[in-house]
Amino acid sequence: MKLLKLKKNTSANTGYSSLLLTFLSESLANLLFSVYGGKSLRIFTQRNHSQTRLRHKRNSSEKNKINMNSQIEGIIKKAYSAFNSRDIDSALSTFHPKVEWPKAFEGGYVSGHEEVRKYWTRQWTEINPNVEPIGLIERPNGTFEVSVLQKVKDLKGNLIFNGMVKHIITIQDHLFRRMDIELE
C-alpha cells in the first residue's frame, strides 16, 4: 500500500496553520475521489487553531463554488460554536428569519428566530447538548450534510447520548433556512 506524503503549510493570510492530510492511502484517496465524483470533500477539526482538510483537485470553473463552500463552512462553524457557548444571538445571526428548526427531542419543527430562541431556552433547562461539526459534504440536491459528534448530558452531567448524527442544512441567502437530522 503506497502512502501519500504529508505537508504542512502556513498561511499568513488566514493566520493559522493548515495541515493537509498526510498519510492517506492512495487507494482510499481514489475511492473518495470516485465516490464523490471529484467534488469537494472536506473533513475539518479544530486542534490548536489548526485545520485539517482533504480536497480533491478542482478545475477553474469550480472556484466560485469553492469560495461559496468556504463561506458556508464559516457560517456552520460560527453557528455550532455559538450554540455550544449558549450565545443565542450569535447563532441566530446565521439563521434565515424564516428558519425551520427541528425539535430533536420532541419531534416537529419550530419556525423563525423567536421560536428557535424559546425552544433552545427550554431545551437547555432540561439537557446539556454539545455538537461538534467534523465533516462537511455538499449533496447533489444543494443541501449540506454536516457530520456531527453529538454529546448530550442531563443537568447532573450524566451522559444521555454520545454519537454521530448528520445535520442536513439548507442554505438560503447565505443563512441556515432549514435543518433536518439523520442518524448515522
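Details
- Counted residue by residue at 0.36 nm each, then reduced by the alpha carbon distance between them, the extension gain from Arg86 to Asn158 reaches 24.0 nm.
- Taking a Cβ cut-off of under 12 Å around Asn84, the surrounding Lys, Arg, Asp and Glu residues balance to a net charge of +2, with basic ones at +1 and acidic ones at -1.
Every number here is computed from the coordinates shown, using simple stated rules; none is lab data. As the structure is a prediction and not an experimental result, all values here were calculated from the model. Note that we place each Cβ from the backbone using ideal geometry, even for glycine, and neighbour counts take in every protein chain shown.
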